[in-house]
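Below: one structure, written as structure tokens.
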Amino acid sequence: MAVEMSGDRFEELVADALDEVPGKLMSMLDNVAIVVEDVPPDGEMNLLGLYEGFALTDRDWNYGGVLPDKISIFRKPILRICETEEDVVHEVAVTVVHEIAHHFGIEDERLHELGWG
């Protein structure tokens, strides 16, 4: 059964998850906006988060003058797969770390190996 939770409460959990990311890593996020959205743009309810942009490992000398990369955390898909608020806290934390890792060029396969899938 899906968890019901207000958008404000969900955003608090995302902020809490971001607070748990080590400051050294957060300071290395470059030109990235982190947002909460209700659903993915394509309506794919199995997608919990999405990184859109150029990973640091893909940037070269001519990177510049571009819009910020975007990390989206999708509220409804996460709430749909969780049974308790504790599940939501855990899934938000995993999703936030997973999407930040994409900014650093870490691919899904490696994240799954590390337990962040």
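The values are calculated or read from the model by the stated rules, or taken from the named source; none is laboratory data. Being a predicted model, the structure only gives us computed values, none of them experimental. FYI the Cβ positions are ideal-geometry reconstructions off the backbone, even for glycines, and counts take in every protein chain you see. Only protein heavy atoms, including side chains, enter the accessible area calculation; ligands, DNA and RNA are left aside. Shrake-Rupley method; radii C 1.70, N 1.55, O 1.52, S 1.80 Å.
From LEU18, LEU25, LEU47, which residue is closer than 26 Å to ALA2 by Cβ and assigned to a helix (DSSP H, G or I)?
On the way: LEU25 fails: closer than 26 Å to ALA2 by Cβ; LEU47 fails: assigned to a helix (DSSP H, G or I).
So the residue among LEU18, LEU25, LEU47 that is closer than 26 Å to ALA2 by Cβ and assigned to a helix (DSSP H, G or I) is LEU18.
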Looking at region 73-82, is at least one residue within 10 Å of the chain's Cα centre (by Cα) and in contact (Cβ under 8 Å) with a residue 24 or more places away in the chain? yes
If you go through region 103-115 one residue at a time, how many are surrounded by fewer than 18 Cβ atoms within 10 Å (Cβ to Cβ), touching a residue at least 12 places away in the same chain (Cβ under 8 Å) and either among the hydrophobic types (A, V, I, L, M, F, W, C) or not in a loop (DSSP other than H, G, I, E, B) (or both)? 2
Just one listed residue, out of ASP42, ASP16, is under 12 Å from PHE74 (Cα atoms) and either at pLDDT 95 or above or of a type in the set (Asp, Glu) (or both), and it is ASP42
State yes or no: is ILE106 over 12 Å from the mean Cα position of the chain (by Cα) and under 26 Å from ASP8 (Cβ atoms)? no
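State which residue is nearest to CYS82 (Cα to Cα) when the search covers only region 1-15 and only residues that are in a loop (DSSP other than H, G, I, E, B) and open to solvent by 70 Å² or more (accessible area, probe 1.4 Å).
Here is the first cut: in region 1-15, the residues in a loop (DSSP other than H, G, I, E, B) are 1-6.
Within this subset, residues satisfying the condition of being open to solvent by 70 Å² or more (accessible area, probe 1.4 Å) are 1, 4.
Working: MET1: 7, GLU4: 9 Å.
Out of the qualifying residues, it is MET1.
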Any residue in region 18-40 that is over 24 Å from GLU107 (Cβ atoms), open to solvent by less than 50 Å² (accessible area, probe 1.4 Å), of a type outside the set (D, E, K, R) and out of contact with any helix residue (DSSP H, G or I) (no Cβ under 6 Å at 6 or more places or on another chain)? no
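Per-residue answers, yes or no, for (1) of a type in the set (S, T, N, Q); (2) over 16 Å from ALA17 (Cα atoms); (3) modelled with pLDDT under 95:
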| site | (1), (2), (3) |
| --- | --- |
| ASP58 | no, yes, yes |
| ASN62 | yes, yes, yes |
| LYS70 | no, yes, no |
| ARG75 | no, no, no |
| ILE78 | no, no, no |
| HIS90 | no, no, no |
| ILE100 | no, no, yes |
| GLY105 | no, yes, yes |
| TRP116 | no, no, yes |
How many residues does region 50-102 contain that are over 30 Å from GLU4 (Cα atoms) and either among the charged types (D, E, K, R) or buried (at least 21 other Cβ atoms within 10 Å of the Cβ) (or both)? 3
Restricting attention to region 50-60, which residues are assigned to a loop (DSSP other than H, G, I, E, B) and acidic (Asp, Glu)? ASP60
